[in-house]
Structure formats: C-alpha cells, structure tokens
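The structure under discussion appears below in the form of structure tokens.
The values are calculated or read from the model by the stated rules, or taken from the named source; none is laboratory data. Quantities reported herein were computed from a predicted structural model and do not represent experimental measurements. Glycine gets a Cβ as well: all are built from the backbone with ideal geometry, and neighbour counts include every protein chain shown.
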Amino acid sequence: MCAESADQPSQGPGGSKRAESDRTGAPAVAPGLHLVATPIGNVGDLGDRARAVLAAADIVACEDTRVTGRLLARLGISTPLAAYHDHNAARARPKLLARLRAGETVALVSDAGTPLVSDPGYRLVRACIDEDLPLTAEPGPSAALTALVLSGLPTDRFLFAGFPPPRAAARRRTLAEVAAVPATLIFYDSARRLADCLADMADILGDRNAAVARELTKKFEEIRRGSLAELAAAYAVEGPPKGEVTIVVGPPAAPGPIAGDDLDRRLRDALDGASLRDAAAAVAAATGLPRRRVYARALEIAGEMGSGDEAGEDGADG
C-alpha cells in the first residue's frame, strides 16, 4: 500500500521539479497522482490546494480537454492536458503510469465534481495502489453530496446508485435491486429521462419523499421536493428541465404489521403495470416482508390474474 500522509504523499522514484516549486513559486506539490475535485458550477468552489496542484502538475488528465481547458484558462493556468476517459483509458493509462513511475505529478480531474464518482479513474487509482505509487486527493465539490444535504432527507445513511439504465426494463430491474436498502438513495440521470425515471421509481420503490436538484451552485440552482409521484407528474407536464440533474430518494418506511388481505391488495395494484418480479420487489420493500414470501404470493396472484409470465424464472433472491 502507499505510504502517504494527509499533507504530503510519499516521493516517487526520480523526484520531480514540481516538488520544489511550481511556475509561480507557490508551495511545493509532491509528485504522484492527485485526484482533484473541480467545481460543479461555481468556479469559486475550487480550493486553494486544488488550484495549486493544477498549476504545478506536469500534466492534467481529464475527461474532455475542452471542458478542462476552459477551466484552466479562467484560472490563468497553462498546464498541459491529456484526455483520459472510458474510451481511451486502456491506451492512456500506461502513459500516465510511466510518468508517475518517473516521479512526475499527475492531476486527474473529471468534467465537474469529484473524480471517480460516476467518472473514469478507478483502474488508474487501482494501478497506483498495486504499484505502490504515491496517491492523494484534493477533495471538494460533489453533486451527489450537495444534493443530499439540500434534499431535507435523512443523511445518516445513504447509497450513491449512479446512473439508472436508460431503458425502462433495465432501469426497473436496477431500482428493484435497491428498493429494500434502508438508506437514502442518490441517483444521477439525464434531464430528458427525468419524468419517466421518477415514475418508475414511484412504481418500484413506492411513493417515497424525494428531491430533484439541478444547476447546483449556479445562479438558477433549484431543489424541488415532494413525493416521487408528484415530481414525476410535474416534470411530465413541464418537460425536461435544464441543467444537470441529481435525484435523492428517501429510505423505505419502517415496516409495520400487514394483514394478508392488505398484502394481496398491494400485490394486485403493483402487478397492474409491472412485471411479477418488479411488483414483488416493490411490495417487499414497502412492507418489509421477506422477499421470497412476497414473491411466492405474487406468483399465486399473477396466476389468478392470468399474468404469470415470469413463473418460470428463477424467482426472488435473498
């Protein structure tokens, strides 16, 4: 593992001129890979340490050189850029690792926010750890955490679930997988899919309290709060909002006693428009009942309703 401290990563082989001073005579920045959080909207959120690393680095690896180039130009920084994204990572990673082995300073940034959070970089970090190359971070803005603390939903336990799949069937399966997680859920999604995604969340997760955050830290920042069904209906009428979107969904309600008739009613309602598996997952999450029990009863009800299309599947897990 890397031997590093909060203030100064361990020195790599060969050293680096950057470790002595940067172009402006600012405090030394140690060699190694620096994970630098960049603004999600307001450039004033870039910290002094992050600015110093971007200025002193031998190279800045970024998703889109145009996006990062504009940020550095605004900061008066002329550090060379290298593209590093999902499509070229296999080719670019060895070159970055060679620089790190030579003792250079490499800054890794995403287009906005904290690197590696729904952005490329994990394999580069893993390679640094495997080779005991110096590694540290300059933390800062994150859309997920900013939306969470502004949502008004519980913050003591949360799950960042990334981007739901764009296709409805896959998205509903993914939502069913996290339906029973006893935590606030955080998602990113495209604004044009927002209404459909919220509607699926209401169906699969239950009509929980939620918040949609957009344009975070910008002039027209907006946090809209309500139930998933209310938010889905509003955006269906209004159309896709502008800007980047983060969805925060409250945890499932604490389970209470449920009678057999109530379970059957919930399952019949859920089966009207959802697959057997999705319906069972949603009801299990809403009631706190064991998923296998709910699935077995859903299978019986689906047969009575003449819609047992998934009876031959593997069934519920867990």
Name the residue, out of Phe187, Phe220, that is outside any helix (DSSP H, G or I), among the aromatic types (Phe, Trp, Tyr) and at pLDDT below 95.
Phe220
For the structure I just gave you, tell me whether Leu150 is of a type in the set (A, V, I, L, M, F, W, C) and under 16 Å from Asp278 (Cβ atoms).
no
When every residue in the range 263-295 that is of a type in the set (Val, Ile, Thr) and at pLDDT 80 or above is compared, the one farthest from the chain's Cα centre (by Cα) is Val294
Would you be able to tell me the number of residues in the range 221-232 that are within 15 Å of Arg208 (Cβ to Cβ) and in contact (Cβ under 8 Å) with a residue 12 or more places away in the chain?
8
Filter the range 89-123 for residues that are buried (at least 22 other Cβ atoms within 10 Å of the Cβ) and on the phi > 0 side of the Ramachandran plot; the one that is nearest to the chain's Cα centre (by Cα) is Gly113
Would you check which residues across the range 91-116 are assigned to a loop (DSSP other than H, G, I, E, B) and either under 12 Å from Val36 (Cα atoms) or of a type in the set (Ser, Thr, Tyr) (or both) and list them?
Val109, Ser110, Asp111, Ala112, Thr114, Pro115, Leu116
Determine whether the range 51-72 contains at least one residue that is closer than 24 Å to Lys219 by Cβ, buried (at least 24 other Cβ atoms within 10 Å of the Cβ) and touching a Ser or Thr at 6+ places or on another chain (Cβ under 6 Å).
no
Within the range 131-169, can you find the residues that are more than 17 Å from the chain's Cα centre (by Cα), in a helix (DSSP H, G or I) and at pLDDT 95 or above?
Glu131
Out of everything in the range 30-78 that is in a helix (DSSP H, G or I), closer than 27 Å to Pro94 by Cα and not aliphatic (A, V, I, L, M), what residue ends up being nearest to the chain's Cα centre (by Cα)?
Thr68
I need every pair where a residue in the range 190-214 that is outside the structural domain of Ala161 (by TED's automatic domain parsing) has its Cβ under 9 Å from the Cβ of a residue that is surrounded by fewer than 23 Cβ atoms within 10 Å (Cβ to Cβ) and modelled with pLDDT under 95, sequence separation at least 6 or different chains.
none
Qualifying positions in the range 137-188 - β-branched (Val, Ile, Thr) and surrounded by fewer than 22 Cβ atoms within 10 Å (Cβ to Cβ):
Thr146, Val149, Thr155, Thr174, Val178, Val181
Considering Ala298, Ala233, which residue is at pLDDT 85 or above, in a helix (DSSP H, G or I), outside the structural domain of Ala161 (by TED's automatic domain parsing) and more than 23 Å from the chain's Cα centre (by Cα)?
Ala298
Which numbered condition in (1) farther than 17 Å from Pro139 by Cβ; (2) modelled with pLDDT under 95 is the only one that Ala6 fails?
(1)
